[in-house]
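Peer 1: Quick one: the structure is below, and I'll ask about it shortly.
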Ligand code: FES
């Protein structure tokens, strides 16, 4: 879902501090092409202001020497950037096909009732922002809920309700495959490239994701080397690419000498 640029709020009036401006410059300096830093810079703005404000867009534009419209185009394209302030915890319920039929739709409906909010709205206490999200690439644990982009696997309406209640109570909450859940703003700072030292907390890939690998190992299956690049050494791949280039150049020379129109010559 893309949020319209016209959804600006009172947070738009807040100017960024000199400290945040210097961090924006620092992020920009990490990249050979400064404009490549725009995505983490927008995360930094969200970590400070809770969403991408107009002031934040203008600050990024100033640092990167871009037009504000160019920055706004990016900020309104990607769904991880929000134009309205997000609560302490962003709860994303996957309602894509697999999760939906496994119970994602029921979870989303239950949470809407429980929190008394609609999609992309924040509970009255400012703690939870609920949003239905598209496939999180965690279908093997459907239905999946994400809190500040951390996975909560195999959820039910009851477990999801308990989850948001624990978050609202301030209890320590651990993701199924990830770290202790921090606040939305803290998570945004990590996405801006400022690690919080918790990247290795909790389990990573779970058994369901590794089932195919375990089966292959039990049966002694290996990926075929074939004629493609898979299974080949990098030097082999480079050599194969060079040979293909040589063959193509020879073929183009022959075509040009014959006077025939090269196939696909008007593709450009
Ligand atoms: S459909 Fe929900 S994670 Fe893929």
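The values are calculated or read from the model by the stated rules, or taken from the named source; none is laboratory data. Because the structure is a prediction, the values reported are computed rather than measured. Neighbour counts run over all protein chains shown; Cβ positions are idealised from the backbone, glycine included.
Peer 1: Within the stretch 50-59, does at least one residue satisfy the condition of being under 26 Å from residue 172 (Cβ atoms), in a helix (DSSP H, G or I) and more than 16 Å from the ligand (Cβ to nearest atom)?
Peer 2: Scanning the stretch 50-59, I find no residue that is under 26 Å from residue 172 (Cβ atoms), in a helix (DSSP H, G or I) and more than 16 Å from the ligand (Cβ to nearest atom), so the answer is no.
Peer 1: Check off (1) at pLDDT 95 or above; (2) away from the ligand (no atom under 16 Å from the Cβ) for residue 83 and give me the number that stays unchecked.
Peer 2: The one condition residue 83 does not meet is (1).
Peer 1: What's the number of the condition residue 125 fails, among (1) touching a helix residue (DSSP H, G or I) at 6+ places or on another chain (Cβ under 7 Å); (2) over 29 Å from residue 20 (Cα atoms); (3) part of a loop (DSSP other than H, G, I, E, B); (4) more than 16 Å from the ligand (Cβ to nearest atom)?
Peer 2: All conditions are met except number (2).
Peer 1: Moving on. Only one residue in 205, 214, 223, 199 is in a helix (DSSP H, G or I) and at pLDDT 70 or above, so which one is that?
Peer 2: None of the other options fit; the residue is 214.
Peer 1: Testing residue 163 on (1) on the phi > 0 side of the Ramachandran plot; (2) at pLDDT 95 or above, one condition comes back false. Which one is that?
Peer 2: (1)
Peer 1: If you don't mind, there's one more thing I want to ask. Condition first: under 16 Å from the mean Cα position of the chain (by Cα) and near the ligand (Cβ under 8 Å from one of its atoms). Now tell me which residues in the stretch 140-169 satisfy that.
Peer 2: Of everything in the stretch 140-169, just one residue is under 16 Å from the mean Cα position of the chain (by Cα) and near the ligand (Cβ under 8 Å from one of its atoms), namely 144.
Peer 1: Select from the stretch 170-193 the residues that are away from the ligand (no atom under 16 Å from the Cβ), touching a residue at least 12 places away in the same chain (Cβ under 8 Å) and outside any helix (DSSP H, G or I) and list them in ascending order.
Peer 2: 173, 174, 179, 180, 181, 182, 183, 192, 193
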